[in-house]
Amino acid sequence: MLPELTRYGGGTLTSSKYFGTAGLDALRAMLMHADHYGLKWVFVRDRYYDSLLTFAGWRPVDHLDDDTITVWSKDGVPPAQPLNAPQMPPHWQGLMWGIFPFGSSIVALLVLLIPEKRRQPVEARYPAARDGELGLGRMVS
Amino acid sequence: VSDSQVGKGALLAGILIAATIVLAVLGTMFPSKAALAYTGGQGLTNSSATPQAAAQNLGDEIRASAWQKAYDGLANKAQFTEQEFEGDLKGYYPSLRTYATVDHVEVFPLHASDTDADVRMKLYWSSVVGLSENTRDLHVVRTGDHWEVEWPFTKKAVVPPQVIPVNYLRWDVIYRGAGDDWGAQDVEAPHVRIVDMRPVQRAEGVVVLGELLNEDVVPAYVSVNATLIGKNQQTIASEGSFDKISHLLLPKQVTPFLISFPNTSLSDVGSVRMSPFSTLVPASADPVIEIDNAKLNPAPDASLTGQVINQSGQVVNVAHVLGTFYDSTGHVVWIADEYIDHALLPQTPESFNIHIPEDLAHQISSQRTIVATYSAGGTV
């Protein structure tokens, strides 16, 4: 998580004004550190933020969607660079998150595709335990 | 799964459902004040049994934007309408206050007798550029067994009909074309120069102060970045001037800038690398904002006070006053600012009060004030 967001607890930046002081403080902190994050352009549909952007050194460079969206630009912002944040997961965890959640869904679909006749013999290998015998899933009390 | 396990599961589900119903009923019948306030109910309002409580209730109602309830509770509501009351607080023209919300309210007793009292109410408005404080001294009168506030209503400024000729300079820029990259320019950037710079140690960290001059003959949109370099030549931190600068500089204009480096120590700094940026932009010398009655007030409560007057015919929605303070040798000692949270109407003075740190006040012998503005367009 970015420190600008965790410090103020402002929620999402796209709706900062609805989070009161915390949301606006988080937004200002984020704009203040635009250079750190390679934040070169901001797309704004709400004119509420125009005065903040004007005084913070951003200037409108274009309008989109029938002038309802303003594109703001900041000069001197270097291209974004990878951040060496402590929360950054290692490469192997990235692979896991990319493979296992999606892969488990694929496996579940494949299991459903196995014909029922093939699954029945597997279930038959585990007959119900008689009274007094230990069976799978039971515990000795 | 045995029958006993099924029975235990059903019992647990039953307990959870029953507990949910009981808690929902309790929450509905006995809601907390904070929760009730958020739902638009009558929460956070206490009995107006004391002058402070009456003022606090009024502040809480303003905070909740319960304008009708706040207006109905005023002792002098016959003197103005509810719309005028709301306009008195939030402004009649679009400004920082228009879309601001009250973050919190403070009430201080000033004087009290059996029949009336004076209290000071401080409203802290959360606007898009930060918190702004608004102080109102309220007269509170006893009415029966409770107290009611007499609101110090300020009449709306009325600008007389008039024609204001506009003959100020304006610079237009013809760009390459509509298909250009955003913000890309083929022209040389305006020449700007840092004319003064000094790093100082403050309690919160290192602060870099200075002034930037547009020495070109065209307007420039400017900003300044500073990088602290350690004694081992390693970069300590890099920050920008953000809003502690006037970004639009007309030819030969000078702006102060202040760059903060929180949690850093000047003793660790070997050098400071300054990076001013400038871009050619279209600009106009209008609106002209006049600074009137600027005055340095000594410690305690050192401040720079004065008035700003909009000399143009357009409404200025937001004004940002930047004060530069110099010592007897002409070097920059401190830079401070204040946003005017009311719209500047033509020819109508608005006061400003910029706080100066107590420990620096004795070093200051002169000041220079400039105003940056934002206008959404439109006239009165």
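The values are calculated or read from the model by the stated rules, or taken from the named source; none is laboratory data. This structure is a prediction, so every number in the text was calculated from the model and none was measured. In this analysis, Cβ positions are derived from the backbone assuming ideal geometry, glycine residues included, and neighbour counts consider all displayed protein chains. Areas reflect the complete protein model, heavy atoms only, side chains present, ligands, DNA and RNA absent. Shrake-Rupley method; radii C 1.70, N 1.55, O 1.52, S 1.80 Å.
Determine the dipole magnitude for chain B: charges of +1 sit on the beta-carbon of Lys and Arg, -1 on that of Asp and Glu, nothing else is charged, the reference point is the Cα centre, and the result goes in debye to the nearest 20.
Using only the charged Cβ atoms, the result is roughly 400 debye.
Dipole of chain B (Lys/Arg Cβ +1, Asp/Glu Cβ -1, origin at the Cα centre): which of B:ALA184, B:VAL173, B:LEU249 lies farthest to the positive side?
Farthest towards the positive pole: B:ALA184.
Using a Förster distance of 56 Å, how high is the FRET efficiency between B:SER366 and B:SER47, based on the Cβ-Cβ distance and rounded to 0.05?
0.60
Which translational diffusion coefficient, to the nearest whole µm²/s, is obtained for chain B from the Stokes-Einstein equation, given a Kirkwood hydrodynamic radius over C-alpha pairs, 37 °C and 0.692 mPa s?
Using the Kirkwood radius from Cα pairs, D works out to 130 µm²/s.
Separation between the A:HIS91 and B:GLN162 pseudo-spin-labels, each 7 Å from Cα along Cα→Cβ, expressed in nm?
Between A:HIS91 and B:GLN162, the simple spin-label model gives 7.2 nm.
How high is the relative contact order of chain B, in percent, counting Cα pairs under 8 Å that sit 6 or more residues apart?
Normalised by residue count, the contact order of chain B is 12 percent.
Running a GNM on chain B with Cα contacts under 10 Å, which residue among B:VAL166, B:VAL315, B:VAL208 ends up with the highest mean-square fluctuation?
In the Gaussian network model the winner is B:VAL166.
Hey, if we sort B:ILE17, A:ILE114 by accessible area with the 1.4 Å probe, largest down, what's the order?
Ranked from most to least accessible, the order is B:ILE17, A:ILE114.
What's the average, rounded to a whole number, of partner chain beta-carbon atoms within 10 Å of each residue's beta-carbon in B:349-358?
0
Determine the shielding of peptide B:262-275 by partner chains: average, over its residues, the number of Cβ atoms on other chains within 10 angstrom of each Cβ.
Mean shielding by partner chains, rounded to a whole number: 0.
Just to be sure I understand the model, the point goes 7 Å from the Cα along the line to the Cβ. What's the resulting B:ILE174 to A:ILE69 distance in nm?
The modelled label-to-label distance comes out at 3.1 nm.
Between B:THR101 and A:ARG7, what's the calculated FRET efficiency when r is the beta-carbon distance and R0 is 22 Å? Round to 0.05.
Approximately 0.60, to the nearest 0.05.
Which whole-number percent is the relative contact order of the range B:90-145 (Cα, under 8 Å, 6+ apart)?
30
Can you work out the accessible area per residue across the range B:149-266, with the rest of the protein chains kept in place, probe 1.4 Å, in square angstrom?
Per residue, the range B:149-266 has 55 Å² of solvent-accessible surface.
Can you give the mean number of other chain Cβ atoms that lie within 10 Å of the Cβ atoms in peptide A:56-63?
That average works out to 5.
Any idea how far the Cα center of the range A:2-72 sits from the one of the range B:67-82, in Å?
Each part's Cα centre sits 37 Å from the other's.
What FRET efficiency comes out for B:LEU110 versus B:MET274 if R0 is 41 angstrom and r is the Cβ-Cβ distance? Round to the nearest 0.05.
0.25
With the dipole of the range B:281-380 worked out from charges on the C-beta (+1 for Lys and Arg, -1 for Asp and Glu) around the Cα centre, which of B:THR373, B:ALA299, B:GLN314 lies farthest toward the positive end?
Farthest along the dipole direction, towards plus: B:GLN314.
Above 31 angstrom, tally the Cα pairs of the protein assembly as shown and express them as a % of all pairs, no decimals.
61
Using unit Cβ charges (K, R positive; D, E negative) and no other charged atoms, how large, in debye to the nearest 20, is the dipole of the range A:1-107 about its Cα centre?
280
May I ask you to rank A:PHE55, B:PHE30 by accessible area, largest first, using a 1.4 Å probe over the protein chains only?
Largest accessible area first, the residues go B:PHE30, A:PHE55.
Run lengths n ≥ 4 of DSSP H only: what is the helix-derived mean residue ellipticity at 222 nm for the protein assembly as shown, with -39500 (n - 2.57) per run over all residues, to the nearest 500?
Calculated from helices alone, the mean residue ellipticity at 222 nm is -7000 deg cm²/dmol.
On C-alpha positions alone, give me the angle between the axis of helix B:51-63 and the longest principal axis of chain B, in degrees, nearest 10.
Computed tilt is about 70 degrees.
Mind scanning B:LYS90/B:LYS155; B:LYS69/B:LYS90; B:LYS77/B:LYS156; B:LYS122/B:LYS155; B:LYS252/B:LYS295; A:LYS17/B:LYS244 and naming the pairs with a C-alpha gap bigger than 18 Å?
Flagged as over cut-off: B:LYS122/B:LYS155; B:LYS252/B:LYS295; A:LYS17/B:LYS244.
Explain nothing, just the number: dipole magnitude of the range B:101-228 about its Cα centre with +1 on each Lys and Arg Cβ and -1 on each Asp and Glu Cβ, in debye rounded to the nearest 20.
Its charge dipole is roughly 200 debye.
What net charge do the residues around B:GLN311 carry, taking every other residue with its C-beta under 9 Å from that of B:GLN311, with Lys and Arg at +1 and Asp and Glu at -1?
Once positives and negatives cancel, what remains is -2.
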